[in-house]
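*Asks:* Mind looking over this structure? Questions follow.
The values are calculated or read from the model by the stated rules, or taken from the named source; none is laboratory data. On a predicted model such as this, the values are computed, not experimentally measured, just so you know. In this analysis, Cβ positions are derived from the backbone assuming ideal geometry, glycine residues included, and neighbour counts consider all displayed protein chains.
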Amino acid sequence: MYYLDLLLLGVSLFLLIFSVMIGVAFLTLLERKVLGYVQMRKGPNKVGILGILQPLGDAIKLFTKEQIKPIMSNYLIYYFSPVFNLFISLSLWLCIPYLTFMFQFSLSSMFFLCCSSLGVYSIMISGWSSNSNYSLLGGLRSVAQTISYEVSLTMILLSYFVLISSLSIYDFILYQNYIWFFFLCFPLSLMFYVSVLAETNRTPFDFAEGESELVSGFNVEYSAGGFSLIFISKYASILFMSMFYSFIFLGGMVLTFTFYLIVLFISFSILWVRGTLPRFRYDLLMYLTWKSFLPVSLGCLMFFLGLKIFLYIFIM
(Lines give C-alpha, C1' and ligand atoms only; values in the text may rest on other atoms or scores of the structure.)
Protein backbone atom coordinates (compact mmCIF):
# COMPACT_ATOMS: atom_id res chain seq x y z
CA MET A 1 0.00 0.00 0.00
CA TYR A 2 2.91 2.33 0.85
CA TYR A 3 4.50 1.80 -2.60
CA LEU A 4 1.13 2.39 -4.28
CA ASP A 5 0.85 5.74 -2.46
CA LEU A 6 4.35 6.68 -3.59
CA LEU A 7 3.47 5.73 -7.18
CA LEU A 8 0.31 7.84 -7.05
CA LEU A 9 2.33 10.72 -5.61
CA GLY A 10 4.86 10.46 -8.45
CA VAL A 11 2.12 10.33 -11.12
CA SER A 12 0.38 13.34 -9.53
CA LEU A 13 3.65 15.30 -9.51
CA PHE A 14 4.34 14.44 -13.15
CA LEU A 15 0.81 15.45 -14.22
CA LEU A 16 1.13 18.68 -12.21
CA ILE A 17 4.45 19.69 -13.79
CA PHE A 18 3.29 18.66 -17.28
CA SER A 19 0.04 20.65 -16.94
CA VAL A 20 1.86 23.74 -15.65
CA MET A 21 4.34 23.58 -18.55
CA ILE A 22 1.52 23.29 -21.10
CA GLY A 23 -0.35 26.14 -19.37
CA VAL A 24 2.77 28.35 -19.44
CA ALA A 25 3.34 27.60 -23.14
CA PHE A 26 -0.15 28.69 -24.14
CA LEU A 27 -0.14 31.64 -21.72
CA THR A 28 2.87 33.06 -23.61
CA LEU A 29 0.98 32.52 -26.88
CA LEU A 30 -2.10 34.24 -25.42
CA GLU A 31 0.03 37.20 -24.28
CA ARG A 32 1.58 37.67 -27.70
CA LYS A 33 -1.85 37.45 -29.31
CA VAL A 34 -3.40 39.92 -26.83
CA LEU A 35 -0.54 42.40 -27.24
CA GLY A 36 -0.79 41.98 -31.00
CA TYR A 37 -4.48 42.88 -31.09
CA VAL A 38 -3.95 45.74 -28.59
CA GLN A 39 -1.36 47.16 -31.03
CA MET A 40 -3.60 46.40 -34.06
CA ARG A 41 -1.55 43.53 -35.52
CA LYS A 42 -1.96 39.76 -35.66
CA GLY A 43 0.68 38.35 -33.34
CA PRO A 44 2.09 34.84 -34.03
CA ASN A 45 0.09 33.26 -36.88
CA LYS A 46 2.56 31.35 -39.09
CA VAL A 47 3.68 28.29 -37.09
CA GLY A 48 0.81 25.78 -37.09
CA ILE A 49 -2.88 26.73 -37.28
CA LEU A 50 -3.30 30.33 -36.02
CA GLY A 51 0.24 30.15 -34.58
CA ILE A 52 -0.73 27.46 -32.06
CA LEU A 53 2.64 25.68 -32.38
CA GLN A 54 4.65 28.88 -31.83
CA PRO A 55 5.47 28.09 -28.14
CA LEU A 56 6.85 24.67 -29.18
CA GLY A 57 8.99 26.31 -31.86
CA ASP A 58 10.29 28.89 -29.37
CA ALA A 59 11.12 26.17 -26.82
CA ILE A 60 13.07 24.11 -29.40
CA LYS A 61 14.94 27.23 -30.57
CA LEU A 62 15.86 28.42 -27.05
CA PHE A 63 16.93 25.05 -25.64
CA THR A 64 19.10 24.19 -28.65
CA LYS A 65 20.93 27.53 -28.77
CA GLU A 66 24.51 27.88 -27.55
CA GLN A 67 24.81 28.77 -23.85
CA ILE A 68 26.96 31.89 -23.42
CA LYS A 69 28.84 32.25 -20.12
CA PRO A 70 30.15 35.67 -18.99
CA ILE A 71 33.89 35.44 -18.23
CA MET A 72 33.71 37.28 -14.89
CA SER A 73 30.64 35.46 -13.57
CA ASN A 74 30.47 33.21 -10.49
CA TYR A 75 29.73 30.28 -12.74
CA LEU A 76 28.07 27.67 -10.48
CA ILE A 77 25.75 30.18 -8.79
CA TYR A 78 25.06 31.87 -12.14
CA TYR A 79 24.25 28.50 -13.72
CA PHE A 80 21.98 27.10 -11.00
CA SER A 81 19.96 30.19 -10.00
CA PRO A 82 17.47 29.86 -12.94
CA VAL A 83 16.95 26.20 -11.94
CA PHE A 84 16.30 27.28 -8.34
CA ASN A 85 13.91 29.98 -9.63
CA LEU A 86 11.89 27.41 -11.61
CA PHE A 87 11.90 24.98 -8.66
CA ILE A 88 10.41 27.65 -6.36
CA SER A 89 7.73 28.55 -8.95
CA LEU A 90 6.72 24.90 -9.33
CA SER A 91 6.79 24.33 -5.55
CA LEU A 92 4.09 27.00 -5.17
CA TRP A 93 1.64 24.72 -6.96
CA LEU A 94 1.82 22.12 -4.17
CA CYS A 95 -0.33 24.30 -1.88
CA ILE A 96 -3.33 24.21 -4.26
CA PRO A 97 -5.99 21.78 -2.88
CA TYR A 98 -6.20 18.95 -5.43
CA LEU A 99 -9.07 16.50 -5.76
CA THR A 100 -6.74 13.56 -5.04
CA PHE A 101 -5.79 15.16 -1.68
CA MET A 102 -2.22 13.97 -2.23
CA PHE A 103 -0.81 17.42 -1.33
CA GLN A 104 -3.55 18.62 0.99
CA PHE A 105 -2.22 20.18 4.18
CA SER A 106 -3.60 22.60 6.74
CA LEU A 107 -0.90 25.29 6.50
CA SER A 108 -1.05 25.72 2.72
CA SER A 109 -1.31 29.54 2.86
CA MET A 110 1.84 29.74 5.00
CA PHE A 111 3.58 27.42 2.51
CA PHE A 112 2.65 29.88 -0.27
CA LEU A 113 4.06 32.85 1.67
CA CYS A 114 7.30 30.99 2.45
CA CYS A 115 7.87 29.84 -1.15
CA SER A 116 7.07 33.25 -2.64
CA SER A 117 9.57 34.82 -0.19
CA LEU A 118 12.28 32.38 -1.32
CA GLY A 119 11.80 33.57 -4.91
CA VAL A 120 13.51 36.83 -3.94
CA TYR A 121 16.82 34.99 -3.39
CA SER A 122 16.89 33.51 -6.89
CA ILE A 123 16.41 36.98 -8.44
CA MET A 124 19.08 38.48 -6.16
CA ILE A 125 21.56 35.68 -6.95
CA SER A 126 20.82 35.89 -10.70
CA GLY A 127 21.50 39.63 -10.67
CA TRP A 128 24.67 39.42 -8.57
CA SER A 129 26.35 36.28 -9.92
CA SER A 130 26.88 37.50 -13.50
CA ASN A 131 29.00 40.49 -12.27
CA SER A 132 27.23 42.94 -14.58
CA ASN A 133 26.18 46.38 -13.37
CA TYR A 134 22.90 46.24 -15.30
CA SER A 135 22.04 42.84 -13.85
CA LEU A 136 22.92 43.98 -10.32
CA LEU A 137 20.76 47.11 -10.59
CA GLY A 138 17.83 45.10 -11.98
CA GLY A 139 18.21 42.51 -9.21
CA LEU A 140 18.34 45.18 -6.46
CA ARG A 141 15.26 46.95 -7.76
CA SER A 142 13.37 43.69 -8.09
CA VAL A 143 14.33 42.54 -4.57
CA ALA A 144 13.25 45.87 -3.01
CA GLN A 145 9.95 45.78 -4.92
CA THR A 146 9.18 42.13 -4.15
CA ILE A 147 9.96 42.40 -0.43
CA SER A 148 7.86 45.58 -0.11
CA TYR A 149 4.82 44.05 -1.76
CA GLU A 150 5.17 40.78 0.15
CA VAL A 151 4.42 42.81 3.28
CA SER A 152 1.14 44.10 1.81
CA LEU A 153 0.26 40.63 0.45
CA THR A 154 0.77 39.10 3.89
CA MET A 155 -1.23 41.82 5.66
CA ILE A 156 -4.16 41.43 3.26
CA LEU A 157 -4.16 37.65 3.71
CA LEU A 158 -3.92 38.01 7.50
CA SER A 159 -7.33 39.74 7.56
CA TYR A 160 -8.91 36.73 5.89
CA PHE A 161 -6.97 34.26 8.06
CA VAL A 162 -8.47 35.99 11.11
CA LEU A 163 -11.91 35.99 9.50
CA ILE A 164 -12.05 32.24 8.83
CA SER A 165 -9.66 31.21 11.67
CA SER A 166 -7.70 28.92 9.36
CA LEU A 167 -4.55 28.86 7.22
CA SER A 168 -5.80 26.25 4.74
CA ILE A 169 -6.76 27.26 1.20
CA TYR A 170 -9.37 24.49 1.20
CA ASP A 171 -11.19 26.29 4.04
CA PHE A 172 -11.41 29.40 1.88
CA ILE A 173 -13.47 27.36 -0.59
CA LEU A 174 -15.80 26.12 2.18
CA TYR A 175 -16.40 29.62 3.57
CA GLN A 176 -17.36 31.08 0.18
CA ASN A 177 -20.45 28.96 -0.47
CA TYR A 178 -22.83 31.92 0.03
CA ILE A 179 -20.72 35.02 -0.65
CA TRP A 180 -17.34 35.51 -2.32
CA PHE A 181 -14.65 37.28 -0.27
CA PHE A 182 -14.22 39.56 -3.29
CA PHE A 183 -17.47 41.31 -2.31
CA LEU A 184 -16.99 40.97 1.45
CA CYS A 185 -14.07 43.40 1.47
CA PHE A 186 -13.80 44.89 -2.03
CA PRO A 187 -10.83 47.27 -1.41
CA LEU A 188 -8.66 44.43 -0.05
CA SER A 189 -9.34 42.26 -3.11
CA LEU A 190 -8.32 45.10 -5.47
CA MET A 191 -5.21 45.81 -3.39
CA PHE A 192 -4.31 42.11 -3.56
CA TYR A 193 -4.64 42.18 -7.36
CA VAL A 194 -2.29 45.19 -7.64
CA SER A 195 0.14 43.49 -5.23
CA VAL A 196 0.07 40.39 -7.47
CA LEU A 197 1.10 42.57 -10.44
CA ALA A 198 3.98 44.00 -8.40
CA GLU A 199 4.98 40.61 -6.96
CA THR A 200 5.24 39.03 -10.41
CA ASN A 201 7.10 42.07 -11.83
CA ARG A 202 4.41 42.80 -14.38
CA THR A 203 3.51 46.09 -16.06
CA PRO A 204 3.07 48.78 -14.71
CA PHE A 205 5.57 47.56 -12.08
CA ASP A 206 8.16 45.85 -14.30
CA PHE A 207 11.17 47.75 -12.90
CA ALA A 208 13.36 44.66 -12.80
CA GLU A 209 13.11 44.54 -16.60
CA GLY A 210 13.18 48.26 -17.42
CA GLU A 211 14.31 47.90 -21.05
CA SER A 212 14.83 51.66 -21.47
CA GLU A 213 17.43 51.97 -18.67
CA LEU A 214 18.49 48.41 -17.69
CA VAL A 215 18.54 46.63 -21.08
CA SER A 216 16.61 43.69 -19.64
CA GLY A 217 17.33 43.83 -15.91
CA PHE A 218 18.65 40.92 -13.84
CA ASN A 219 18.37 38.38 -16.69
CA VAL A 220 20.36 40.36 -19.28
CA GLU A 221 23.40 38.02 -19.13
CA TYR A 222 21.33 34.85 -19.58
CA SER A 223 20.77 33.20 -22.94
CA ALA A 224 19.29 29.99 -24.33
CA GLY A 225 18.26 27.54 -21.57
CA GLY A 226 18.96 29.84 -18.60
CA PHE A 227 16.78 32.60 -20.01
CA SER A 228 14.08 30.04 -20.85
CA LEU A 229 13.96 28.76 -17.25
CA ILE A 230 13.62 32.31 -15.86
CA PHE A 231 10.91 33.01 -18.45
CA ILE A 232 9.00 29.79 -17.62
CA SER A 233 9.18 30.43 -13.86
CA LYS A 234 7.84 33.97 -14.34
CA TYR A 235 4.81 32.79 -16.32
CA ALA A 236 4.22 29.83 -14.01
CA SER A 237 4.02 32.37 -11.16
CA ILE A 238 1.48 34.46 -13.11
CA LEU A 239 -0.66 31.39 -13.74
CA PHE A 240 -0.40 30.34 -10.10
CA MET A 241 -1.27 33.80 -8.80
CA SER A 242 -4.37 33.86 -11.02
CA MET A 243 -5.50 30.52 -9.58
CA PHE A 244 -4.60 31.55 -6.02
CA TYR A 245 -6.62 34.76 -6.41
CA SER A 246 -9.58 32.68 -7.59
CA PHE A 247 -9.32 30.43 -4.52
CA ILE A 248 -9.02 33.26 -2.00
CA PHE A 249 -11.52 35.78 -3.40
CA LEU A 250 -13.70 34.22 -6.10
CA GLY A 251 -15.12 31.02 -4.63
CA GLY A 252 -12.50 28.54 -5.85
CA MET A 253 -15.04 25.86 -6.81
CA VAL A 254 -12.65 23.54 -8.66
CA LEU A 255 -15.37 21.18 -9.87
CA THR A 256 -17.12 23.89 -11.91
CA PHE A 257 -16.22 25.13 -15.40
CA THR A 258 -16.76 28.71 -14.16
CA PHE A 259 -13.66 28.47 -11.95
CA TYR A 260 -11.38 27.90 -14.95
CA LEU A 261 -13.04 30.72 -16.88
CA ILE A 262 -12.33 33.02 -13.89
CA VAL A 263 -8.67 31.90 -13.81
CA LEU A 264 -8.42 32.54 -17.56
CA PHE A 265 -10.00 35.98 -17.18
CA ILE A 266 -7.59 37.01 -14.37
CA SER A 267 -4.60 35.81 -16.42
CA PHE A 268 -5.99 37.71 -19.43
CA SER A 269 -6.41 40.88 -17.32
CA ILE A 270 -2.74 40.69 -16.22
CA LEU A 271 -1.72 40.47 -19.89
CA TRP A 272 -4.20 43.19 -20.85
CA VAL A 273 -2.67 45.59 -18.30
CA ARG A 274 0.71 45.17 -20.01
CA GLY A 275 -0.74 46.38 -23.30
CA THR A 276 -2.54 49.43 -21.89
CA LEU A 277 -0.67 50.96 -18.91
CA PRO A 278 2.69 52.79 -18.95
CA ARG A 279 5.42 52.00 -16.41
CA PHE A 280 4.95 53.48 -12.93
CA ARG A 281 7.57 55.73 -11.32
CA TYR A 282 9.73 53.78 -8.85
CA ASP A 283 9.28 56.14 -5.87
CA LEU A 284 5.50 56.14 -6.43
CA LEU A 285 5.58 52.35 -6.43
CA MET A 286 7.17 52.33 -2.97
CA TYR A 287 4.82 55.04 -1.68
CA LEU A 288 1.85 53.00 -2.90
CA THR A 289 2.67 49.97 -0.77
CA TRP A 290 4.10 51.67 2.35
CA LYS A 291 1.80 54.72 2.55
CA SER A 292 -1.44 53.38 1.03
CA PHE A 293 -1.73 49.59 1.04
CA LEU A 294 -0.08 48.94 4.42
CA PRO A 295 -2.25 51.38 6.49
CA VAL A 296 -5.48 50.21 4.80
CA SER A 297 -4.66 46.50 5.22
CA LEU A 298 -3.67 47.07 8.88
CA GLY A 299 -6.94 48.94 9.46
CA CYS A 300 -8.93 46.07 7.91
CA LEU A 301 -6.97 43.56 10.00
CA MET A 302 -7.83 45.46 13.21
CA PHE A 303 -11.49 45.62 12.10
CA PHE A 304 -11.72 41.86 11.44
CA LEU A 305 -9.88 41.11 14.68
CA GLY A 306 -12.28 43.32 16.65
CA LEU A 307 -15.24 41.72 14.88
CA LYS A 308 -14.07 38.21 15.80
CA ILE A 309 -13.51 39.21 19.46
CA PHE A 310 -16.94 40.89 19.61
CA LEU A 311 -18.68 37.81 18.16
CA TYR A 312 -16.76 35.50 20.50
CA ILE A 313 -17.61 37.51 23.64
CA PHE A 314 -21.21 38.59 23.00
CA ILE A 315 -22.62 35.83 20.79
CA MET A 316 -20.70 32.68 21.65
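*Asks:* Which of the numbered conditions does Leu190 fail, given that it passes all the others? Conditions: (1) hydrophobic (A, V, I, L, M, F, W, C); (2) surrounded by fewer than 18 Cβ atoms within 10 Å (Cβ to Cβ); (3) within 21 Å of Leu239 (Cβ to Cβ); (4) under 15 Å from the mean Cα position of the chain (by Cα).
*Replies:* (4)
*Asks:* Give just the number: which of (1) in contact with a helix residue (DSSP H, G or I) (Cβ under 9 Å, 6 or more places away or on another chain); (2) assigned to a helix (DSSP H, G or I); (3) at pLDDT below 85 does Ser212 not satisfy?
*Replies:* The number of the failed condition is (1).
*Asks:* Taking into account only those residues within the stretch 218-232 that are in a loop (DSSP other than H, G, I, E, B) and not acidic (Asp, Glu), which is modelled with the highest pLDDT?
*Replies:* Residues of the stretch 218-232 that are in a loop (DSSP other than H, G, I, E, B), as a first pass: 220-223.
Within this subset, residues satisfying the condition of being not acidic (Asp, Glu) are 220, 222-223.
Values: Val220: 78, Tyr222: 82, Ser223: 79.
Step by step, filter the stretch 218-232, then rank; the result is Tyr222.
*Asks:* Looking at the stretch 61-71, can you tell me whether even one residue there is polar (S, T, N, Q), in contact (Cβ under 8 Å) with a residue 24 or more places away in the chain and touching a Pro at 6+ places or on another chain (Cβ under 6 Å)?
*Replies:* no
*Asks:* Output the number of residues of the stretch 81-106 satisfying the condition of being among the hydrophobic types (A, V, I, L, M, F, W, C), surrounded by fewer than 16 Cβ atoms within 10 Å (Cβ to Cβ) and modelled with pLDDT under 85.
*Replies:* Total satisfying the criteria: 4.
*Asks:* Here are the criteria: (1) farther than 20 Å from Leu29 by Cα; (2) surrounded by fewer than 18 Cβ atoms within 10 Å (Cβ to Cβ); (3) under 25 Å from the mean Cα position of the chain (by Cα); (4) not acidic (Asp, Glu). Tell me which single one Leu56 does not satisfy.
*Replies:* Just one mismatch for Leu56, condition (1).
*Asks:* Looking only at the stretch 138-153, how many residues end up being within 23 Å of Ser223 (Cβ to Cβ) and either in contact with a Pro (Cβ under 8 Å, 6 or more places away or on another chain) or crowded, with 20+ Cβ neighbours inside 10 Å (or both)?
*Replies:* Narrowing the stretch 138-153 to residues within 23 Å of Ser223 (Cβ to Cβ): 138-143.
Cutting the leftovers down to either in contact with a Pro (Cβ under 8 Å, 6 or more places away or on another chain) or crowded, with 20+ Cβ neighbours inside 10 Å (or both) gives us 138-139, 141-142.
The qualifying residues number 4.
*Asks:* Looking for whichever is touching a residue at least 24 places away in the same chain (Cβ under 8 Å) and surrounded by fewer than 21 Cβ atoms within 10 Å (Cβ to Cβ) here; the options are Gly275, Gly252. Which one fits? Steps first, please.
*Replies:* Numbers: Gly252 fails: surrounded by fewer than 21 Cβ atoms within 10 Å (Cβ to Cβ).
When all the criteria are applied, what remains is Gly275.
*Asks:* Name, by its number, the condition in (1) over 30 Å from Pro278 (Cβ atoms); (2) at pLDDT below 85; (3) touching a Phe, Trp or Tyr at 6+ places or on another chain (Cβ under 8 Å) that does not hold for Gly43.
*Replies:* If we test Gly43 against (1) over 30 Å from Pro278 (Cβ atoms); (2) at pLDDT below 85; (3) touching a Phe, Trp or Tyr at 6+ places or on another chain (Cβ under 8 Å), just (1) comes out false.
*Asks:* Something else: Kindly evaluate Ser130 against the criterion of being in contact with an Asp or Glu (Cβ under 7 Å, 6 or more places away or on another chain), buried (at least 22 other Cβ atoms within 10 Å of the Cβ), in contact (Cβ under 8 Å) with a residue 12 or more places away in the chain and not hydrophobic (A, V, I, L, M, F, W, C).
*Replies:* On the way: in contact with an Asp or Glu (Cβ under 7 Å, 6 or more places away or on another chain): yes; buried (at least 22 other Cβ atoms within 10 Å of the Cβ): yes; in contact (Cβ under 8 Å) with a residue 12 or more places away in the chain: yes; not hydrophobic (A, V, I, L, M, F, W, C): yes.
So Ser130 passes the test.
*Asks:* Restricting to helices (runs of 4 or more DSSP H) lying wholly in the stretch 76-181: which have 1 or more residues that are acidic (Asp, Glu) and under 14 Å from the mean Cα position of the chain (by Cα)? Talk me through it step by step, then tell me what you get.
*Replies:* Details: elements: 108-129, 133-164, 169-174.
Where helices (runs of 4 or more DSSP H) fall fully within the stretch 76-181 and carry at least 1 residues being acidic (Asp, Glu) and under 14 Å from the mean Cα position of the chain (by Cα), they are 133-164.
*Asks:* When you go through (1) among the polar types (S, T, N, Q); (2) farther than 30 Å from Ser132 by Cα; (3) at pLDDT below 85 one by one for Asn74, which number turns out not to apply?
*Replies:* Answer for Asn74: the failing condition is (2).
*Asks:* Among the listed residues Gly23, Gly36, Gly10, Gly43, which satisfies the condition of being assigned to a loop (DSSP other than H, G, I, E, B) and either small (Gly, Ala, Ser) or touching a residue at least 24 places away in the same chain (Cβ under 8 Å) (or both)? Walk me through it before giving the result.
*Replies:* Working: Gly23 fails: assigned to a loop (DSSP other than H, G, I, E, B); Gly36 fails: assigned to a loop (DSSP other than H, G, I, E, B); Gly10 fails: assigned to a loop (DSSP other than H, G, I, E, B).
Step by step, each of Gly23, Gly36, Gly10, Gly43 is checked, and only Gly43 is assigned to a loop (DSSP other than H, G, I, E, B) and either small (Gly, Ala, Ser) or touching a residue at least 24 places away in the same chain (Cβ under 8 Å) (or both).
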